[in-house]
Amino acid sequence: MGIELRRARSDDKPRILEISSQIWEGNDYVPFIVDDWLSDAGGELVVALVDGLLVGFAHRTYLAPGYAWLEGIRTDPAHRGTGAAKEITRHFLEAVREERADRVGLSTHVENEASIHIIRSSGFEEVARFTNLGGEKTTLAWSAARPSDRVCEVPLAQAVQFVRRSQSLKIGRGFVPHGWTFYPFDRAPEGALRGVPHLLGVRDGGRLLGLLAGGYPRQGDMYPIHFLEGSEEAVEVLVRHALHLAGSCRAIDLMAPGGENDLGLLPVLTQLGLKPWVETTPDVFVFERAP
């Protein structure tokens, strides 16, 4: 049983969505970004076929010069064990090596044991851990929504400086998350925050007491918080304001660096209705290797 790899075409989209619908109980993020992947001139969306049937896919791109990122590795549950994911990973590593990338990264979830096995056997090493917290609209979270006139927009350059000096960046080993994509901040600081709809701060005079970077138009009905740090009071004000902005969304989501207790914000976040998605924390792992 041979595996054929090729670049995805637009007519592969229905099958890609069919596979995606079986991931995370139908809550996979792939449907919201598959069109971007198909049109990504700087990367490629690859599909794996067995006897002519599309059984898996994955995407690779560049987050910064020389830094490749692999994501969305999916296999039809009915065809697991075919080696499709491993073959796509091998193909991607060969491609980025030819393109002279100096580093390649990816992320996965603690419960995805098969994926972790492939990742480790492909030479990747764990470099950072995050905890995925969130709140559905039916939970306490949205009852805490409250806009605040203390919240202001923060210029990109000032937000970059705040993140650069933050404990979150240290604990997160230099990564800033955009959902399941983790940007190496030191390689492209502005790129890690550019395009984020909301860079929000709470000030005391000219001093920034806290920063929240949130929202991502491609995530559909999910409002992600990419970065959050500040005093307990500032964090509470910022999260309540973000919940107000996310009023039309189904859920709010946050990738907290390291264990959920590392910044001492868990009590505040729990009070606001944000809780770890699974009991095992940290539950999101970032891996890297040289091509």
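The values are calculated or read from the model by the stated rules, or taken from the named source; none is laboratory data. In this text the structure is predicted, and so the values were computed from the model without any measurement. We place every Cβ from the backbone using ideal geometry, glycine too, and count neighbours over all the protein chains shown.
The table that follows gives values for the structure above.
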| quantity | calculated |
| --- | --- |
| Of all residues making up segment 129-156, the number that are at pLDDT 95 or above and either small (Gly, Ala, Ser) or within 22 Å of residue 77 (Cβ to Cβ) (or both) | 1 |
| Counted residues, segment 244-279 - those being outside any loop (DSSP other than H, G, I, E, B) and buried (at least 22 other Cβ atoms within 10 Å of the Cβ) | 7 |
| Qualifying residue in segment 200-208 (condition: modelled with pLDDT of 90 or more and within 17 Å of the chain's Cα centre (by Cα)) | no |
| From the options 229, 236, residue that is in the same structural domain as residue 161 (by TED's automatic domain parsing), crowded, with 20+ Cβ neighbours inside 10 Å, of a type in the set (Asp, Glu) and closer than 19 Å to residue 170 by Cβ | 229 |
| Sole residue being more than 19 Å from the chain's Cα centre (by Cα), touching a residue at least 60 places away in the same chain (Cβ under 8 Å) and either in a strand (DSSP E or B) or in the same structural domain as residue 171 (by TED's automatic domain parsing) (or both), chosen from 143, 107 | 143 |
| Test: residue in segment 172-185 that is over 23 Å from residue 222 (Cα atoms) and exposed (fewer than 13 other Cβ atoms within 10 Å of the Cβ) | no |
